[in-house]
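Before any comments, here is the structure.
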Amino acid sequence: MSESKRRKPPLVAEKRYPSGGRRKSAASPKSTKAPAKKAPVKKSARKGTRKPASKKPRKTGGGLSGLIRRFFSWIWGLVWGFTWRLSLIVGLLIALAVGLVYSTLPELSALLDGRARGSVTLLDREGQVFAWRGDQFGGVVTTDTVSPYLKNAVVATEDRRFYSHFGISPRGVASAVRINLSEGRGPLSGHGGSTITQQTAKLLCLGVPFDPEAWESEKAYEDDCRQGSLWRKVKEAIYSMAMEVKYSKDDILTIYFNRAFLGAGARGFEAASQRYFGKSAAEVGPAEAAMLAGLLVAPTRYAPTNNLKRSQDRARVIVGLMEDQGYLSASEAQGARNNPAKLSAAAAARAGGYFADWVMSSGPEFFTRNTTEDVIIRTTLDQRLQTSAEEAMQFVFQEKVRTGSKAQAAIVVMSADGAVRAMVGGRQTRVTGAFNRATQAMRQTGSAFKPFVYATALELGYSPLDTVMDAPYCQNIPGSGEWCPKNYTNKYYGQVTLVRALKDSLNVPAVKVSESVGRDLVRRVASDFGIDSDLALGPALALGASESTLIEMTGAYAGILNGGSSVTPYGLVELKLMGDDASLMDAGGGIGERVIQAEAAQQLIWMMEKVVSDGSGRRAALPGWQIAGKTGTTQAARDAWFIGFSADYVAGVWMGYDDNTPLKGVTGGGLPAEIWHETMIRVHEGLTPSPLPMRAPKPATRTPEPQPKPKKEKKNLGQAVDKLLKDIFGGN
């Protein structure tokens, strides 16, 4: 193109004219009109034809600075080009991943109850709930059915921008990283900045179900679901965004309400509300809603059944958040602070933890410990009696045991048919899953075993008034040498009746009676009464050298009270699935076969009544009541027992150290008898005294002394000859 045809750039001067068109030159051949009057122009514009305005020289940025600028411009262009392309690729990959996860998400109803195991609700003898085991699920709740206070408390506490983000909150993550770094932790350690959607994704374990064959335990599975590696966070974010696409915000919140773990075995807010407050999640007020929402950060730590004061303090923080975000008015918030949430009577009592654990361990595993169903078990527990036993334990240890003592004790109360009414397995009464000294501790029984020696004798026709010599006595035990039992007092009392031997807990007479009637028969009687432990084979059997549990011993004494029939202690009355009327299982214990005749049992009760009224068990006496029982103290006082009964209840008490350290100054007639007394005086409160089913003894008929085998005389040859001559010829 020629230079003349190029479009010339507009002159600077031309910009002064309005946009109506460029003024034409007077010398133009196309002009037919007379030129208009020229406006005055500047002197420089009057001479000849206008010259084009000169262009300012273009800056080329030469030199070093220009070179540097061009270099950084090139770098920026390179980075920007790479960044937007990479961002596009990452975005497409995320969209693809979200789409893939979206395609795997099930319907909402399939995500509301994801427990790997079922729950067990335990009812007392009156049908009242007293304990829960397993994973409790109170039923499905939604954002529409829960209390508005609860919904607002959860959003205010966990994710106040829940209804505005897309599943993840970059602002929340940045804030969490900043807080973690300021507190000296790693950027991903501690606060996670997780949204409710992300927390729900974690509760769902990113869609991976629990498989018993793939995981060694449910705990290992849950630990893996909670791990917070960077890759896990990435997958969690993708899963969360897919959920936001699949479900509505309220759907996600509904899943969260039903899946969250809230302490004490409660899964979901309905179960937690029932567990702690005895009411539905639809009925909770601001204070209760704040307490439930406060559990989310640390369910075990803030569970009100563990520490009510700590849980209430946490709830006050939640109330403040609800007020700041406009969910509560100032008056509502102040009301919640002034009237903090409190536990229901059943939750506050936490009664029968040891008993509940025992029932769970003794029931069928597939309906108790590893149930996949929701089960209801009606039991024999009497909560009034349970409270009596717990209060008695606490009273004696506070008032009569030195501060700092590590001694332990256990209590069992049952009816004569073996129905366990109360159980305390240790000094800490409000526990779950603790070592139960009433059912698990095998301890030497000491003199508490002696009633079974005398039961055997009475069954064979002996009378309580028969006598036995209390004097030094020794036996040669094969493989052990000579064994010489002694009385606790290191004294001997000569010829004594059987009733005195029992009431004063004399050892030598007990051994002699056992040897007289036969150890095998004593072992058989004790075993038939329910003492299933391995019983000693030697003569020390009579002195309680064998080990047993408190519940076994108490059940054996119940057999004496009921007239001589065996007893199997039991706590389960009925088991059925939640929602079903049909019972799947009924009581698995109670009275069994007869062991001794009723007359022998009644005479034994008469003997045991003397132990309390005039013997070693005086501290157990209850004013106005006939009480029978027996003390027991083992060698070196490592174990101390008192087991006894009224006409209505049997109770057993054991005391000792878990490591078998000897007790100092404690015998069965001391602190154990006092614990028994404090328990039973509360148990019998309001009851009318009834006489014991005992019978006066028959007259004495024999002396139960062991009969030694006659010794054969050793004769020498001279003696034999002399005897022969005397036989032939006679002589003195």
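With a 1.4 Å probe rolled over the protein heavy atoms of all chains, the accessible area of CYS225, CYS474 falls in the order CYS474, CYS225, largest first. Accessible area per residue for segment 373-429 is 36 Å², calculated with a 1.4 Å probe on protein heavy atoms, without ligands, DNA or RNA. Surface composition of segment 202-257: carbon and sulfur make up 57 percent of the accessible area, probe 1.4 Å. Filter the cross-link list LYS202/LYS342; LYS610/LYS698; LYS219/LYS249; LYS400/LYS486; LYS406/LYS512 down to pairs whose alpha-carbon distance in this structure exceeds 26 Å. Flagged as over cut-off: LYS202/LYS342; LYS219/LYS249; LYS400/LYS486; LYS406/LYS512.
When a 1.4 Å probe is rolled over the protein heavy atoms, the share of accessible surface on segment 305-441 that falls to carbon and sulfur comes to 46 percent. Using a 1.4 Å probe on the protein chains only, how many percent of the accessible area of segment 572-682 belongs to carbon and sulfur? Carbon plus sulfur share of accessible area: 44 percent. Exposure check, 1.4 Å probe, all protein chains in place: HIS677 carries approximately 40 Å² of accessible surface.
Note on surface exposure: THR432, THR121 rank THR432, THR121 by accessible area, highest first, 1.4 Å probe. Mind checking which aspartates and glutamates have their C-alpha under 15 Å from LYS151, skipping anything on the same chain fewer than 8 residues away? Counting by Cα, and skipping residues close in sequence, LYS151 has these aspartates and glutamates nearby: ASP159, ASP250, ASP251, GLU270, GLU283, GLU288, GLU323.
Taking all protein chains together and a 1.4 Å probe, the residues ASP159, ASP659 rank ASP659, ASP159 from largest to smallest accessible area.
Using the average count of surrounding beta-carbon atoms within 10 Å as a protection proxy, the listed peptides 353-362, 410-419, 198-207 rank, highest first, as 410-419, 353-362, 198-207.
Could you tell me which residue out of LEU88, LEU108, TYR149 lies farthest along the dipole of segment 86-155 toward its positive end? Charges go on the beta carbon: Lys and Arg +1, Asp and Glu -1, centred on the Cα centre. The residue sitting farthest along the positive end of the dipole is LEU88.
Sorting the segments 532-538, 146-152, 335-341 by their residues' average number of neighbouring beta-carbon atoms within 10 angstrom, most packed first, yields 146-152, 335-341, 532-538. Kindly state, to the nearest 0.05, the FRET efficiency for TYR488 paired with GLU107, given R0 = 45 Å and r defined as their beta-carbon distance. The formula returns an efficiency of 0.05 here. When peptides 268-279, 395-406 are ranked by their average number of other Cβ atoms within 10 Å per residue, the highest-first order is 268-279, 395-406.
Solvent-accessible surface of segment 502-563, averaged per residue with a 1.4 angstrom probe and all protein chains in place: 28 square angstrom. Taking all protein chains together and rolling a 1.4 Å probe, LYS233 ends up with roughly 40 Å² accessible.
About its Cα centre, the dipole of segment 466-525 is roughly 160 debye, where the only charges are +1 on Lys and Arg Cβ and -1 on Asp and Glu Cβ.
The values are calculated or read from the model by the stated rules, or taken from the named source; none is laboratory data. None of these values were measured; they are calculated from a predicted model. With ideal geometry, Cβ positions are generated from the backbone for all residues, glycine too; neighbour counts draw on all protein chains shown. These accessible areas exclude ligands, DNA and RNA; they are computed on the full protein's heavy atoms, side chains included. Shrake-Rupley method; radii C 1.70, N 1.55, O 1.52, S 1.80 Å.
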